[in-house]
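Q: Questions regarding the structure given below will be posed in turn.
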Amino acid sequence: MLKEKETVVRRAMILLDGFVVVCIFVITFILRRHFHLFYRLDLIPSVRVVQEMKASMKDYALVLILIVPIWCFVLYLNGMYRSMRTRSTLEIIWIVLKSVIFTTITFGTAVFLLKLEFVSRVFFGLFIVLSSSVILAEKIALFSIMRYVRK
């Protein structure tokens with residue numbers, strides 16, 4: 001009975017993580033599409049450091065198909081989906097930080113090897129920062145809720 005509940009919770013966590021990554025991806029895409037409107041650090045007014053985004057969401061669909069499994073798999077490899085009963089908040093933070101590092105390396109390598117030149121550094125950076133922040137917040141919130149429910 002406990003193993004079945006643990007399996008259901010594990011699958012729900014994986015689905016939730018996938019959903020979170022998709023939402024953050026869409027938010028990052030929207031932010032990147034309009035980044036040139038609020039970026040004001042151009043030192044020479046006639047030269048734009050951040051260009052308008054020319055790629056469409058259709059182009060970025062391949063990136064989305066790559067990044068969701070990468071995030072979930074790296075979290076799985078780092079042990080995020082094992083039982084949280086004996087874990088501390090610091091352990092969860094450490095697992096997420098390791099996952100961020102491995103995801104960044106894997107995502108960057110995939111973009112380089114597949115020659116996805118339309119993926120900008122701004123998009124890449126925004127996505128990594130936003131997704132890691134939101135996943136960390138999600139994990140800490142889930143951990144707190146589970147601990148509260150158990151009491």
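Q: Which three lengths, in whole Å and largest first, does the chain cover when its Cα atoms are put on their principal axes?
A: 64, 29, 21
Q: How would Val20, Val129, Val63 line up by accessible area, probe 1.4 Å, largest first?
A: Details: Val20 20, Val129 90, Val63 0 Å².
Descending order: Val129, Val20, Val63.
Q: Given a 1.4 Å probe and the protein chains all in place, what does the accessible area of Arg10 round to, in Å² to the nearest 10?
A: 70
Q: Which angle from 0 to 90°, rounded to the nearest 10, does the C-alpha axis of helix 121-150 make with the longest principal axis of the chain?
A: Tilt of helix 121-150: around 20 degrees.
Q: Keeping every protein chain in place, order Met146, Met57, Met80 by accessible area at 1.4 Å, biggest value first, i.e. largest first.
A: Putting Met146, Met57, Met80 in descending order of accessible area: Met57, Met146, Met80.
Q: Rounding to the nearest 10 and keeping the result within 0 to 90°, find how far the Cα-based axis of helix 2-33 lies from the longest principal axis of the chain.
A: Tilt relative to the chain: about 10 degrees.
Q: Moving to a separate point now. Hey, got the dipole for the chain? About the Cα centre, +1 on K and R Cβ, -1 on D and E Cβ, debye to the nearest 20?
A: 480
Q: Can you flag which of Lys58/Lys115; Lys54/Lys98; Lys58/Lys139 are past 22 Å Cα-Cα?
A: Over 22 Å apart, Cα to Cα: Lys54/Lys98; Lys58/Lys139.
Q: Any chance you could look up the accessible area of Ile70 with a 1.4 Å probe, heavy atoms only, rounded to 10 Å²?
A: 20
Q: Give me the number: length gained by fully extending Glu4 to Ala110, i.e. 0.36 nm times residue separation minus the C-alpha to C-alpha distance, one decimal in nm.
A: Working: separation 106, 0.36 × 106 = 38.16 nm, distance 3.54 nm.
Gain on extension, Glu4 to Ala110, equals 34.6 nm.
Q: Give, as ranges by residue number, the residues of the range 106-132 whose backbone N falls under 13 Å from the point 7 Å along Cα→Cβ of Leu77.
A: 106-110
Q: Using 0.36 nm per residue of separation minus the Cα-Cα distance, give me the extension gain between Ile145 and Val129 in nm, one decimal.
A: Gain on extension, Ile145 to Val129, equals 3.3 nm.
Q: Compute, for Ser120, the solvent-accessible surface of its heavy atoms (probe 1.4 Å) with the complete set of protein chains present, and express it in square angstrom to the nearest 10.
A: That residue has around 30 Å² of solvent-accessible surface.
Q: Which of the listed residues, Thr89, Val134, Ile101, is farthest toward the dipole's positive end in the chain, when Lys, Arg count +1 and Asp, Glu count -1 at the beta-carbon?
A: With unit charges placed on the Cβ atoms, the residue in question is Thr89.
The values are calculated or read from the model by the stated rules, or taken from the named source; none is laboratory data. Fair warning: this is a prediction, and the values are worked out from it, not measured in the lab. Neighbour counts are summed over all protein chains in view; Cβ atoms, including those assigned to glycine, are modelled from backbone coordinates with ideal geometry. Accessible surface areas use protein heavy atoms only, side chains included; no ligands, DNA or RNA. Shrake-Rupley method; radii C 1.70, N 1.55, O 1.52, S 1.80 Å.
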